[in-house]
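Below: the structure, in structure tokens.
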Amino acid sequence: YFLITPHRRYNMRTGRIAVMDFKGRILFEKETPATASDFRQWVVNGQKRYTYGIDDPAAVHVTLEAGYVLLLDSALNAMKEIHLKPYKDVTTDKGQALDLHDFILLSDVHYIAMAVYPKHVTNIPAVLSPSPANKTATAVIQEVNNGIVVWQWDASEYPELYTSSTACNNFHDTAVQDYMHMNSMCLDPRDSNLIISMRNLNQIIKIDRKSGNIIWRLGGKNSDFHLTADQEFLRQHNVMLTDSNQTLMVFDNGEKGRREYSRILEFRLDEQKRSVVSFSSFRIPEPFTEHEGSVQKCGGNYLISGGTANYILLVNPATGEKRMELNANQCNYRAHWVKDINGILR
């Protein structure tokens, strides 16, 4: 089975979650009070849980998606809403909310969430000619346990990220600059650190979950790993670990006017030597995905959500055989493969 959240882009007033099988049949669907995103299943402490984001029209939208995450039990009964927490520079008194690009559930009371916070900063390098009245869309990651923020990462503390930006970086302008556009994060269980994707840097970074320091950079202007031209990715989404956490898999969107086709990339990295041990790429035989998109391995196949290209595809990358192909008039941020949905269907 797989979980999806079909919606019409830029329309926050309608949304739904759905469960489908690989014959293309809808087995369960439910309308949501606003656009839903990233409907996924978790198994934590032996219990099945589900989460999805709700794009709250009343929230402050620095980027496209902002709102809260809904936590549900195995039968999709709502347990609680998860909102942005006020902590240090981050406040919530004016409608600030979570960024719904990604979320990690560690237990019913322990999670990692992300946000984009409009912030005036004073550490933009002078070479970028920053306005004294600048505002940046500052990426924030919060780890919360039992209602307490136990760790927070603030991208504005790392000024090198300003110079690494390739888009939305007119710091001399007073409009909010989304210079990073963080859109994906995953935990590396080998060391408990975070791997995050930044669309507007064309870069993936690993950060220390204690100090917040950047451990390494992959791609972009200042990659710690040498990449060939074929290995360079553009506007990527949905970075995750697969193959027993040995392989970094990337939905490589491509870029309008530069490389208008999308790919799935797989990297095996030697993090100590900062080298690419192995690499493979698969050009998706579907229209270019300018925004959104995801990939997940299902056995020897890729389950791909085409995001704003409005398709879902199950394909064998070795042969190119399409095992399932769904085309629609709505986009879908991600598709998540699950082994069973006991509890939802009764």
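The values are calculated or read from the model by the stated rules, or taken from the named source; none is laboratory data. Only a predicted model underlies this, so the values are computations on that prediction, with no experimental measurement involved. Backbone-built Cβ (ideal geometry, glycine too); neighbour counts: all protein chains shown. Calculation scope for accessible area: heavy atoms of the full protein, side chains included, ligands and nucleic acids excluded. Shrake-Rupley method; radii C 1.70, N 1.55, O 1.52, S 1.80 Å.
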- Roughly what would the spin-label model give for residue 270 and residue 88, points 7 Å off Cα along C-beta, in nm? 3.5
- Task: Measure off, as a whole percent, the carbon and sulfur share of the 1.4 Å-probe accessible area of segment 1-134, all protein chains present.
- Result: 51
- If each K or R counts +1 and each D or E counts -1, the residues other than residue 185 whose Cβ falls under 14 Å of its Cβ total -1
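Over segment 187-346, how many pairs of lysines fall under 20 Å by alpha carbon, counting only those 8 or more apart in sequence or from different chains?
6
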- For segment 1-52, averaging the sequence separation of alpha carbon pairs under 8 Å that lie six or more residues apart and dividing by its residue count, the contact order in percent is 31
- Item | Charge dipole magnitude, Cβ of K and R +1, D and E -1 - the chain, Cα centre, debye nearest 20 | 460
- Query: To the nearest 10 square angstrom, how much accessible area does residue 268 have with a 1.4 angstrom probe?
  - Reply: 90
- For residue 329 and residue 43, FRET efficiency with R0 = 35 Å and r from the beta-carbon atoms, rounded to 0.05? 0.55
- Task: Among 198, 342, 78, pick out the residue whose Cα is farthest towards the positive end of the charge dipole of the chain, where Lys and Arg carry +1 and Asp and Glu carry -1 on C-beta, about the Cα centre.
- Result: 342
- Given 10 Å bins starting at zero, what is the percent of C-alpha pairs of segment 1-98 in each, up to the one with the largest pair distance? 15, 42, 31, 10, 1
- Which distance in Å, rounded to a whole number, links the C-alpha centroids of segment 29-81 and segment 253-269? 28
- Net charge (Lys, Arg +1; Asp, Glu -1) of residues whose beta-carbon lies under 13 Å from that of residue 49, residue 49 excluded, is +1
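For segment 87-243, what class follows from the C-alpha gyration tensor (a ≥ b ≥ c being the square roots of its eigenvalues): rounded when a/c is under 1.5, otherwise prolate if a/b is larger than b/c, else oblate?
Oblate, because a/c is 1.5 or more while a/b does not exceed b/c.
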- Task: Go from 0 up to the bin containing the longest alpha carbon distance in segment 275-340, width 10 Å each, and give me the % of pairs per bin.
- Result: 21, 52, 24, 4, 0
- Query: If the chain between residue 160 and residue 27 were fully stretched, how many nm would it gain, using 0.36 nm times the residue separation less the Cα-Cα distance?
  - Reply: 43.1 nm
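Given a 1.4 Å probe, how much area per residue of the chain is accessible, in Å²? Could the numbers behind the result be given before it?
On the way: 14640 Å² over 346 residues.
So the chain comes to 42 Å² accessible per residue, rounded to a whole number.
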- Under 12 Å from the Cα of residue 48 - aspartates and glutamates, other chains or at least 8 residues apart: 73, 108, 340
- Query: With point charges of +1 on the Cβ of Lys and Arg and -1 on the Cβ of Asp and Glu, referenced to the Cα centre of the chain, which listed residue (115, 298, 238) lies farthest in the positive direction of the dipole?
  - Reply: 298
- Whenever you get a sec, line up 216, 337 from highest to lowest accessible area (probe 1.4 Å, protein heavy atoms). 337, 216
- Let me know the Kirkwood hydrodynamic radius for the chain, please, with Cα pairs as the basis and the value in Å to one decimal. 20.5
- Message: Tell me whether segment 222-305 comes out rounded, prolate or oblate; compute the Cα gyration tensor, take square roots of the eigenvalues as a ≥ b ≥ c, and use a/c under 1.5 as the rounded threshold.
- Response: oblate
- Out of 309, 137, 318, a Gaussian network model of the chain with alpha-carbon springs under 10 Å gives the largest mean-square fluctuation to 318
- Cα shape, segment 1-49, gyration tensor, a/c 1.5 rule: oblate
